[in-house]
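Asker: Please read through the structure below; I'll follow up with questions.
Computed from the coordinates by the stated procedures, all read-outs in this text should not be read as laboratory data. Nothing here was measured: the structure is a model prediction, and the numbers come from that model. Glycine gets a Cβ as well: all are built from the backbone with ideal geometry, and neighbour counts include every protein chain shown.
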Amino acid sequence: DFVTTAITMKGTRSEKDAPALSQAEMKKQSMQEVRRSLPIFPYREDLLAAINKHQILVIEGETGSGKTTQIPQYLLEDGYTKGGMKIGCTQPRRVAAMSVAARVAEEMSVKLGNEVSLVHDCYTNTLSVTVPSSRLKLSVLLSSSVIIIDEAHERTLHTDILFGLIKDIARFRSDLKVLVASATLDTERFSCFFDDAPVFRIPGRRFPVDIFYTKVRLYLNPCVLVCEEIEACCELLQERCRRLGSKIAELLVLPIYANLPSDMQAKIFNPTPPGARKVVVATNIAETSLTIDGIIYVIDPGFCKQKSYNARTGMESLIVTPCSRASANQRAGRAGRVAAGKCFRLYTAWAYKHEMEETTVPEIQRTNLGNVVLLLKSLGINDLIHFDFMDPPPHETLVLALEQLYALGALNHLGELTKLGRRMAELPVDPMLSKMILASEQYKCSEEVLTIAAMLSVNNSIFYRPKDKVVHADNARMNFVVPGGDHLVLLNVYNQWVESGYSTQWCYENFIQFRSMRRARDVRDQLEGLMDRIEVEVVSCQGDSVPVRKAVTAGYFYHTARLSKGGYKTVKHQQTVYVHPNSSLFEEQPRWLIYHELVFTTKEFMRQVIEIESGWLLEVAPHYYKSKELEDSSSKKMPRKQGKTKEELG
Ligand code: ADP
Ligand code: MG
């Protein structure tokens with residue numbers, strides 16, 4: 001995501017002829033005092049001198065020391081924006097980028113969007129990887145005097161890609177300053193990668209944190225890992241507090257996670273009223289990228305939700321795994337910023353020592369690279385095998401990405417970007433999804449397909465199923481079912497919501513999550529805004545489901561499954577898979593299906609499935625499927641010889 005957001009500061013500050021407004025002045029003064037109190041402040045001159053002296057500098061400092069909010073301002077004050085140049089600062093997380101930009105603008109007493117702007121783009125973070133925005137950012141890069149790669153220790157996919165790109169750019173732009181800012185982790189590696197760039201260390205001001213372990217592993221109920229769980233946990237806490245009534249001091253329970261609307265996010269920074277206590281229930285966004293003042297206690301469940309990728313099956317999944325020791329230490333560190341603190345780890349000291357990995361595996365080594373390959377190719381970087389990766393992705397992942405892009409028609413047999421590939425690279429979504437959107441042009445159903453793409457990207461959080469109203473919720477859901485499959489159900493939900501006038505009440509009555517719908521609408525608007533650029537006309541197929549299903553097939557033909565004994569088999573890997581019980585096609589069991597994704601819970605489940613005809617596969621991917629392997633010989637009733645399918649598929 002991070003390439004999607006950057007802070008730039010440009011121009012010099014406009015002299016404001018402000019009348020002596022004492023309150024504003026006072027606020028400004030106290031803000032300046034806060035700035036001067038940060039651990040980075042005593043090092044301001046030394047830091048600027050080091051930046052002046054070296055082209056590339058690694059800056060290491062404890063979370064909260066002032067790297068993100070102060071360095072851009074120091075650079076501005078030191079004249080780095082002369083001649084209309086910008087100071088760019090990239091953030092791996094959109095939330096952090098917004099909060100930081102707002103904070104910097106506030107400290108400078110300017111309006112966000114003038115001197116300080118978020119050069120972000122058209123996307124929400126539900127669509128994570130972004131090609132055009134990266135290009136946008138590259139243009140920012142070219143007009144920048146300094147580029148700060150912030151939160152480098154997070155090692156997100158895009159940070160890693162940016163490392164390689166910027167190292168290259170810095171070679172032929174000797175006037176560009178590169179600052180790699182990181183929490184106290186891994187900085188030697190950054191220095192090493194950037195040809196032994198010096199490391200500037202900002203000594204932390206840290207109070208001791210006592211660490212407590214449990215005797216046995218404890219599990220939070222519910223485990224605090226993703227947004228719904230965060231919300232559920234908040235509700236649980238609030239419920240407990242209500243029951244305790246006046247027996248305890250007022251407890252403010254505040255969630256924070258990436259998709260939380262920004263007005264809600266801002267609340268975590270508000271000072272706690274006297275006598276009250278604040279509890280922040282957070283994803284690992286609070287690990288290093290946001291600093292919340294005044295935290296004394298940290299409860300660490302010891303898990304994280306991590307993307308993992310199986311290059312053989314092409315399956316990407318989010319898995320709950322123990323976090324790394326480095327993460328656990330960062331989490332504990334949140335408790336000791338303003339006073340001595342305590343960290344309660346819900347796992348044993350033994351598990352910390354023996355079960356946790358030292359550091360987190362960089363994302364680039366556990367993700368599908370389809371998007372990255374498309375991005376790099378569109379930037380003219382053809383030889384990906386020799387790209388300067390800090391930690392190269394597994395070879396087979398790279399090869400699979402190339403293969404997939406070839407099958408989708410985005411690359412030709414020489415591995416060069418095709419015209420289709422160039423258009424796909426304009427969309428900030430997964431290659432299969434962008435292929436689906438582009439195919440909607442041919443089938444004249446872009447209106448519908450854009451909605452489906454947006455609904456798919458909000459990730460299974462459309463339907464609301466409260467425990468005390470399961471029957472009502474399931475009935476409401478049944479009312480949306482239309483023939484053909486889940487994609488069409490999602491389309492139906494969205495269209496009815498539009499008809500209701502985007503009503504909150506309508507969502508409430510139909511057990512639909514308003515927040516998810518609003519996000520889908522944002523994503524849809526943004527995608528629609530891009531249709532011009534890729535020259536796709538937005539037209540509707542007026543209720544005919546065939547064109548829509550063909551467009552889905554054109555993008556997802558890799559994800560075909562056919563009915564076989566007791567379940568389904570994927571055509572590509574002969575993997576046994578099942579229709580998810582929540583699917584509208586759970587009972588119907590059509591012969592041929594396309595699934596949006598595979599998830600493993602108790603079994604390998606296909607989530608979001610749509611019924612197709614096998615003949616369409618030949619129509620949309622003639623280079624990929626042979627008619628022989630798609631013969632409908634395996635009808636439900638026919639006894640099947642062992643190994644037949646394998647032979648058929650060759
Ligand atoms: P670092 O990047 O080194 O982790 P930051 O520059 O993000 O540190 O934060 C420095 C200090 O600025 C924090 O300790 C906090 O007091 C303040 N701060 C940062 N962001 C905000 C915000 N959005 N609202 C209020 N205070 C903030
Ligand atoms: Mg920071």
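Asker: Does anyone have the angle between helix 157-172 and the longest principal axis of the chain? Alpha-carbon axes, 0 to 90°, nearest 10?
Answerer: On a 0 to 90 degree scale, this one is about 60.
Asker: Taking the beta-carbon count within 10 Å as an exposure proxy, list Y213, Y74 from fewest neighbours to most. Intermediate values should be presented prior to the final figure.
Answerer: On the way: Y213 17, Y74 20.
The fewest-first ordering by Cβ neighbours comes to Y213, Y74.
Asker: Would you mind getting me the FRET efficiency between E619 and D525? Use the beta-carbon distance for r and R0 = 35 Å, nearest 0.05.
Answerer: On the way: r = 31 Å, r/R0 = 0.89.
Here the calculated transfer efficiency is 0.65.
Asker: Something else about it: For segment 520-604, what are the per-bin percents of Cα-Cα distances with bins 5 Å wide, up to the bin holding the maximum?
Answerer: Answer for segment 520-604: a P(r) of 3, 12, 17, 20, 17, 10, 12, 8, 1, 0 percent.
Asker: Normalise the Debye intensity by I(0) for segment 570-633, one equal point scatterer per Cα, no solvent, then take log10 at q = 0.15, 0.21, 0.24, 0.25 Å⁻¹ and round to two decimals.
Answerer: -0.50, -0.91, -1.09, -1.15
Asker: What number of lysine-lysine pairs in segment 377-488 show an alpha-carbon separation below 20 angstrom, given a sequence spacing of 8 or more or placement on distinct chains? Show your work: numbers first, answer last.
Answerer: Numbers: K377/K419; K377/K435; K419/K435; K419/K444; K435/K444.
Number of lysine pairs found: 5.
Asker: To continue, here is another question. Going highest first, how would you order 558-570, 191-203 by mean Cβ packing within 10 Å?
Answerer: On the way: 558-570: 18.7, 191-203: 16.5.
Packing proxy ranking, top to bottom: 558-570, 191-203.
Asker: If you don't mind, another one. For C304, C445, which order do you get if you count the other beta carbons within 10 Å of each Cβ and list the fewest first? Mind dumping the intermediate values first?
Answerer: On the way: C304 19, C445 25.
Going from least to most buried by this count: C304, C445.
Asker: Turning to a different aspect of this structure: Two-decimal Rg/Rh of segment 262-311 from alpha-carbon positions, Kirkwood Rh? Intermediate results must be reported in sequence, preceding the final value.
Answerer: Working: Rg = 14.3 Å, Rh = 13.3 Å.
When Rh is taken as the Kirkwood radius, the ratio is 1.08.
Asker: List residues of segment 583-598, by number, whose backbone nitrogen lies under 12 Å from a label position 7 Å along Cα→C-beta of S317.
Answerer: From segment 583-598, the list is 598.
Asker: Can you tell which of S246, I147, A332 lies farthest toward the positive end of the dipole of the chain, using +1 and -1 charges on the Cβ of basic and acidic side chains (Lys, Arg; Asp, Glu)?
Answerer: Result: S246.
Asker: Along the charge dipole of segment 528-618, which of V536, H559, V571 sits closest to the positive end, that is, farthest toward it, with unit charges on the beta carbon of Lys, Arg, Asp and Glu (+1, +1, -1, -1)?
Answerer: About the Cα centre, the residue reaching furthest to the positive side is V571.
Asker: Along the Cα→Cβ direction, 7 angstrom out, place labels at R533 and A340. What is the inter-label distance in nm?
Answerer: Once both label points are built, they end up 5.5 nm from each other.
Asker: For a Förster distance of 30 Å, can you work out the FRET efficiency between the beta-carbons of F269 and S143, rounded to the nearest 0.05? All intermediate terms of the calculation are to be shown ahead of the outcome.
Answerer: On the way: r = 31 Å, r/R0 = 1.04.
With a Förster radius of 30 Å, E is 0.45.
Asker: Next question, about the same structure. Give me the extension gain from L414 to K307: residue separation times 0.36 nm, minus the current Cα-Cα distance, reported in nm with one decimal. Could the numbers behind the result be given before it?
Answerer: Working: separation 107, 0.36 × 107 = 38.52 nm, distance 3.07 nm.
The span from L414 to K307 would gain 35.5 nm if fully extended.
Asker: Does anyone have the angle between helix 395-407 and the longest principal axis of the chain? Alpha-carbon axes, 0 to 90°, nearest 10?
Answerer: The two axes meet at around 50 degrees.
Asker: If I stretch the segment between E357 and Q589 completely, what's the gain in nm (0.36 nm per residue apart, minus their alpha carbon distance), one decimal? If you can, show how the numbers build up before the last one.
Answerer: Numbers: separation 232, 0.36 × 232 = 83.52 nm, distance 4.24 nm.
Contour length minus Cα-Cα distance gives 79.3 nm.
Asker: A further question on this structure: Give or take rounding to whole Å, what are the principal axis extents of the alpha carbon atoms in the chain, in descending order?
Answerer: Result for the chain: principal-axis Cα extents of 80, 66, 55 Å.
Asker: Another question about this same structure. Just grab the label-to-label distance for L237 and T602, each label 7 Å out from Cα along the Cβ direction, in nm (one decimal).
Answerer: Using points 7 Å along Cα→Cβ, the separation is 3.2 nm.
Asker: Quote the FRET efficiency, to the nearest 0.05, computed for K82 versus F207 with a Förster distance R0 of 45 Å and r equal to the Cβ-Cβ distance.
Answerer: Working: r = 40 Å, r/R0 = 0.90.
Efficiency, rounded to the nearest 0.05: 0.65.
Asker: Let me ask something else about it. Over 23 Å apart: what share of the alpha carbon pairs of segment 233-358 falls there, rounded to a whole percent? Before the final figure, lay out each step's value.
Answerer: Working: 3328 of 7875 pairs.
When all Cα pairs of segment 233-358 are counted, 42 percent exceed 23 Å.
Asker: In degrees from 0 to 90, rounded to the nearest 10, what is the angle of the helix 94-107 Cα long axis to the longest principal axis of the chain?
Answerer: Between the helix axis and the principal axis of the chain, the angle is about 30 degrees.
Asker: Still on this model: Please list the equivalent ellipsoid semi-axes of segment 532-574, computed as the square roots of five times the alpha-carbon gyration tensor eigenvalues, in descending order and whole angstrom.
Answerer: On the way: eigenvalues 185, 41, 4 Å².
One finds semi-axes of 30, 14, 4 Å for segment 532-574.
Asker: Continuing with the same structure: Starting from the Cα-Cα distance between E509 and Q55, subtract it from 0.36 nm times their residue separation and give me the gain in nm to one decimal. Let's see the in-between values first.
Answerer: Details: separation 454, 0.36 × 454 = 163.44 nm, distance 5.90 nm.
Stretched fully, the E509-Q55 segment lengthens by 157.5 nm.
Asker: Where the only charges are on Cβ atoms (+1 Lys, Arg; -1 Asp, Glu), what is the dipole of the chain about its Cα centre, to the nearest 20 debye?
Answerer: About 1320 debye.
Asker: Under unit Cβ charges (Lys, Arg +1; Asp, Glu -1), what dipole magnitude, rounded to 20 debye, does segment 162-311 have relative to its Cα centre?
Answerer: 300
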